[in-house]
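Below is one structure, written out as structure tokens; comments come after it.
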Amino acid sequence: MRNITILAMVLLGLTCGCSRIKSKYDEVKERIKEEINGPFRTDFYSDYGAWDYCRIPLIAPYELTAIEDRNVWHFEKRRNIDKFDYFPNSLFHARLSVEYVGITDSIIYMSYTEELTPVDKMPGHTYGNGEMRRYVIIDVSKDSIEWHETKKEWMAALGKRNIARIVLHQVDSLYDDFANNRRLLFNPSKQ
């Protein structure tokens, strides 16, 4: 009888202990889920712009924007994804516009137009430190930017990142698809 009582107490203790561990595990799991899905609960992935600017969300906090018309697209990094950023961080480049963009996992890859921004539109009316290379890879998870001179170098760098299927989208058609059909290059989590 004594053995049965001890066994019952041990089983009761294990059951209570396991349920507390499970509840702590579930609590930590929920907090992690909140952190991951937080950016998707803002308008970052649904706002396509206003009367004087257009935008295409890529992976938070990165986006493409065009001010006043859709002839020139800029790559931007918002400082706060919960509200409009009047002065976002932009890649300082001499090329006129982002022309093509693609996303694979947490990698954004883009090519710029051959055309340079007119020098009178550049800060200080000089190309100065403006990036002249046309091809760029942004690793969102590492917040790193890698520039490439030629398409061949760029494709090789994407291959080294195990991106075998490179799919590029023309920016204007990407914007049309987003503004009219609410389609993005990837599907953010719905929470």
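Throughout, read-outs are computed from the coordinates displayed, never taken from laboratory work. Just so it is clear, the structure is predicted and the values come from calculations on it, not from any experiment. In this analysis, Cβ positions are derived from the backbone assuming ideal geometry, glycine residues included, and neighbour counts consider all displayed protein chains.
Data overview
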item: Amide H contacts of L96 (H built 1.01 Å from N, under 5 Å, at least 5 apart or other chain); result: T113, E115, L116, T117
item: Nearby aspartates and glutamates by direct alpha-carbon distance to K142 (threshold 18 angstrom, same-chain neighbours under 8 apart not counted); result: E35, E63, E76, D105
item: Flagged links, alpha-carbon separation over 30 Å, of K77/K160; K24/K77; K77/K121; K121/K160; K77/K151; result: K24/K77; K121/K160
item: Net lengthening on full extension, Y53/D172 (0.36 nm per residue, minus Cα-Cα); result: 41.5 nm
item: Nearest-0.05 FRET efficiency for A156 and D120, computed from C-beta distance (R0 45 Å); result: 0.80
item: Length gained when the stretch E149-S46 is fully extended (0.36 nm per residue, less Cα-Cα span); result: 33.7 nm
